[in-house]
Amino acid sequence: GQNRAVDGMTFHVKQGEVFGLLGPNGAGKTTTVRLLNGILPPSGGTARVFGLDPLMDGQRIREQTGVLTESPSLYERLSARENLEFFGTLAGIPAEKLSQRVLDILEFFGLQDRVNDKVETYSKGMKQRLALARALIHEPPLLFLDEPTSGLDPEAAQQVNELIAGLSQRSGQTILLAT
C-alpha cells in the first residue's frame, strides 16, 4: 500500500558484533528481521546475509540463524527439556549430541533446576530465557533478537541483557538486536 515499513536502510554488521536496530513501535524493526530471514519478500532493494539473498536462499539463511520473536512460541505443556529436544531435532542436531546440548544450554540460562517442569509453570522471565535458549540450541553464528526484554520486569530484563552480552563475548556470535 502507501505505507513503507523500511525505506532507504543501509547497514553492515561485522562478525561477532552486537548491532542494534532502535526505534518506536511501527518503525520497521520486526519487518527488517523478517526480510533478512526470508520470511517476507521485499518490494524493492537488496539484502545479503552471509552473502546470500534472503528471497532466494531463505531456508539456508534460517539454518544459520536463531530468531527470538517479541512473543516467542513455546509448548507450554511440555517441559523445558522436551521443548529444546523438539526444536533441536528440527534443527538437525544429532541425537547423540542433543541431550548434552540441551542440559548445557539450560545451565547457561540458569534453568537447570527446572529442566523437567512444564513451561506453563514458568515465570515470564524464565519463558523468555527458555525462548532465547531455543533460538540458540543449534549454535547459530547469527542471532536475531526482536524485543527480547518486552514485558519483563526490570530485574528479568537486566538478566536477559546480561545473557545477551555474554553470548557475544563468550562465543563471538553476531547479534542483531531490535529494540
When every residue in segment 99-124 that is basic (K, R) and touching a strand residue (DSSP E or B) at 6+ places or on another chain (Cβ under 9 Å) is compared, the one farthest from L136 (Cα to Cα) is K118
Note on segment 137-176: residues of a type in the set (S, T, N, Q) and part of a loop (DSSP other than H, G, I, E, B) are T149, S150, Q173
_Taking the conditions exactly as written (assigned to a loop (DSSP other than H, G, I, E, B) and without any contact (Cβ under 8 Å) to a residue 40 or more places away in the chain), does T89 satisfy them or not?_
no
Result of the Cβ filter at 7 Å on segment 1-21, keeping first residues that are surrounded by 12 or more Cβ atoms within 10 Å (Cβ to Cβ) and partners that are of a type in the set (A, V, I, L, M, F, W, C) and part of a loop (DSSP other than H, G, I, E, B), at least 6 apart or interchain, is F19/V13
> Would segment 154-172 turn up any residue that is closer than 28 Å to T32 by Cα, of a type in the set (S, T, N, Q), surrounded by fewer than 18 Cβ atoms within 10 Å (Cβ to Cβ) and in contact with a strand residue (DSSP E or B) (Cβ under 6 Å, 6 or more places away or on another chain)?
Replying inline: yes
Filter result for S150 (over 30 Å from Q59 (Cβ atoms) and more than 13 Å from the chain's Cα centre (by Cα)) | no
Inset, instruction - Determine if segment 144-152 includes at least one residue that is surrounded by fewer than 19 Cβ atoms within 10 Å (Cβ to Cβ), of a type in the set (S, T, N, Q) and either more than 28 Å from G28 (Cα to Cα) or touching a strand residue (DSSP E or B) at 6+ places or on another chain (Cβ under 7 Å) (or both). - result: no
Subset of segment 24-52, residues among the small types (G, A, S), on the phi < 0 side of the Ramachandran plot and modelled with pLDDT of 90 or more, comes to A47
Note to self: Considering only segment 115-134, I want to know if a residue exists there that is out of contact with any His (no Cβ under 9 Å at 6 or more places or on another chain), open to solvent by 20 Å² or more (accessible area, probe 1.4 Å) and closer than 19 Å to G16 by Cα.
What the structure shows: no
Go through the residues of segment 84-102 one by one and say whether even a single one is crowded, with 17+ Cβ neighbours inside 10 Å, among the basic types (K, R) and within 15 Å of the chain's Cα centre (by Cα). no
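The values are calculated or read from the model by the stated rules, or taken from the named source; none is laboratory data. Just so you know, these numbers come straight off a predicted model, no measurement behind them. FYI the Cβ positions are ideal-geometry reconstructions off the backbone, even for glycines, and counts take in every protein chain you see. All accessible areas refer to the heavy atoms of the entire protein, side chains included, with ligands and DNA or RNA removed. Shrake-Rupley method; radii C 1.70, N 1.55, O 1.52, S 1.80 Å.
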